[in-house]
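*Asks:* Let me begin by handing over the structure; questions about it come next.
The values are calculated or read from the model by the stated rules, or taken from the named source; none is laboratory data. What you are looking at is a predicted structure, and each value in this text was computed from that prediction instead of being measured. With ideal geometry, Cβ positions are generated from the backbone for all residues, glycine too; neighbour counts draw on all protein chains shown.
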Amino acid sequence: MNRTRLTISSALLTLLALPCARAADLPPFSRKEDVIYGRKHGMALTLDVLTPEKAKGIGVIFAVSGGWFSDRAAIRPNRLAELLARGYTVFAVVHGSQPRFTIPEVVEDMHRAVRFIRHNARDYGIDPERIGISGGSAGGHLSLMQGTAGRPGDPNAKDPVDRESSAVQAVACFYPPTDFLNYGQPGEVALGYGTLKDFRAPFEFNEFDPKLRRIVPIADQNRILEIGRSISPAYHASPGDAPALIIHGDADKLVPIQQAQVIVEKLQAAGVPARLVTKPGAGHGWSGVDKDVAAFADWFDEHLGKEKGEGKKL
């Protein structure tokens, strides 16, 4: 097995390693699988919709991502038991996966997914202005990108889905990367090297060259740093962003807790409700996470449980 496959395997294991509730503990729910929310490069982008029997009309997106690797096999309803029990309709989003796609491309998939869910909100029985998002590690990073960098829709778009906003109204996530240019300490760049040296593929930024008529790597270091900034939630924090809860272990070697501290400080400085819950001695994942998912549900109850979400409306 080559290094890339080892990286992908470890990322998927990280995504799946958290303990699950027993099947017997799951509340009654229905599941609609492989809903196509978009297409690119001849492939379909899909999500699953999990609707609890006692749905309360509020949606939570779960970003299926570990190391920016995404696979529908990682959609485990048991891990979403607390959200379903609280009446949240859960949208498990599978994005275009590394090593084929880079982080900027993955972020575009997430924008599309939020727009699709909002456009079809009435069909799914949810309020389009009360949408939360959650995930862990790369999924946490993607969640915060939507919470801080959601975009307005294009009123002139041919596709009505693209006319919708991609903003969310609340975020709750585990151990997210938030600043790739100051990773663990000021000036430490981690764009596929340093601490993240085993995750090179999602940072191999590229573009279409019209003269050569092919995709080529971006080699200019200033542009690479610019892209790194654009995919770092810490640089997008501003008033009106979605309230964010982060749970992070203070012994995490892969994603230093400094990453959570930075984004929480910036959100609070912008007047956005934000809170960091520290897990003493915990690394990148820990046992007993089911209790922490309950804290996510509490956060969503607080910030999505009103007639309108209090997050950014675009």
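*Asks:* For the condition modelled with pLDDT of 95 or more, assigned to a loop (DSSP other than H, G, I, E, B), of a type in the set (A, V, I, L, M, F, W, C) and surrounded by 18 or more Cβ atoms within 10 Å (Cβ to Cβ), what is the one hit in Ala167, Ala172, Ala113, Ala157?
*Replies:* None of the others qualify; the one that does is Ala167.
*Asks:* Considering only residues that are among the small types (Gly, Ala, Ser) and in contact with a Gly (Cβ under 8 Å, 6 or more places away or on another chain), look in region 161-184 and name the one that is nearest to Ala138 (Cα to Cα).
*Replies:* Ala172
*Asks:* If you don't mind, another one. Which one is nearest to Glu207 (Cα to Cα) among residues in region 77-108 that are crowded, with 20+ Cβ neighbours inside 10 Å and polar (S, T, N, Q)?
*Replies:* Thr102
*Asks:* Continuing with this model, one more query. Please enumerate the residues belonging to region 78-106 that are assigned to a loop (DSSP other than H, G, I, E, B), out of contact with any helix residue (DSSP H, G or I) (no Cβ under 7 Å at 6 or more places or on another chain) and either free of Cβ contacts under 8 Å to residues at least 24 places away in the same chain or not small (Gly, Ala, Ser) (or both).
*Replies:* Arg100, Phe101
*Asks:* For Asp241, are the conditions met, namely being of a type in the set (D, E, K, R), at pLDDT 95 or above and touching a strand residue (DSSP E or B) at 6+ places or on another chain (Cβ under 7 Å)?
*Replies:* No; evaluated as a whole, the condition is false for this residue.
*Asks:* Looking for something farther than 26 Å from Pro176 by Cα, touching a strand residue (DSSP E or B) at 6+ places or on another chain (Cβ under 8 Å) and without any contact (Cβ under 8 Å) to a residue 24 or more places away in the chain - is there at least one such residue anywhere in region 41-54?
*Replies:* Among the residues of region 41-54, at least one is farther than 26 Å from Pro176 by Cα, touching a strand residue (DSSP E or B) at 6+ places or on another chain (Cβ under 8 Å) and without any contact (Cβ under 8 Å) to a residue 24 or more places away in the chain, which makes the answer yes.
*Asks:* Additional query: Limited to region 123-147, what total is found for residues that are among the polar types (S, T, N, Q) and over 16 Å from Val106 (Cβ atoms)?
*Replies:* 1
*Asks:* Just name the residue that is modelled with the lowest pLDDT out of those in region 1-55 that are among the aliphatic types (A, V, I, L, M) and part of a loop (DSSP other than H, G, I, E, B).
*Replies:* Met1
*Asks:* Please work out which one of (1) touching a helix residue (DSSP H, G or I) at 6+ places or on another chain (Cβ under 8 Å); (2) not in a loop (DSSP other than H, G, I, E, B) is the condition Thr178 fails and give its number.
*Replies:* So the condition that Thr178 fails would be (2).
*Asks:* Quick one: would you say Phe101 is over 20 Å from Val171 (Cα atoms) and aromatic (Phe, Trp, Tyr)?
*Replies:* yes
*Asks:* Next up: Could you run through region 175-199 and say how many residues are surrounded by 24 or more Cβ atoms within 10 Å (Cβ to Cβ) and at pLDDT below 95?
*Replies:* Adding up the residues that qualify gives 0.
*Asks:* Tell me, which helices (runs of 4 or more DSSP H) lie completely within region 217-314 with 3 or more residues that are loosely packed, with under 14 Cβ neighbours inside 10 Å?
*Replies:* Once the helices (runs of 4 or more DSSP H) in region 217-314 are filtered for at least 3 residues that are loosely packed, with under 14 Cβ neighbours inside 10 Å, what remains is 221-230.
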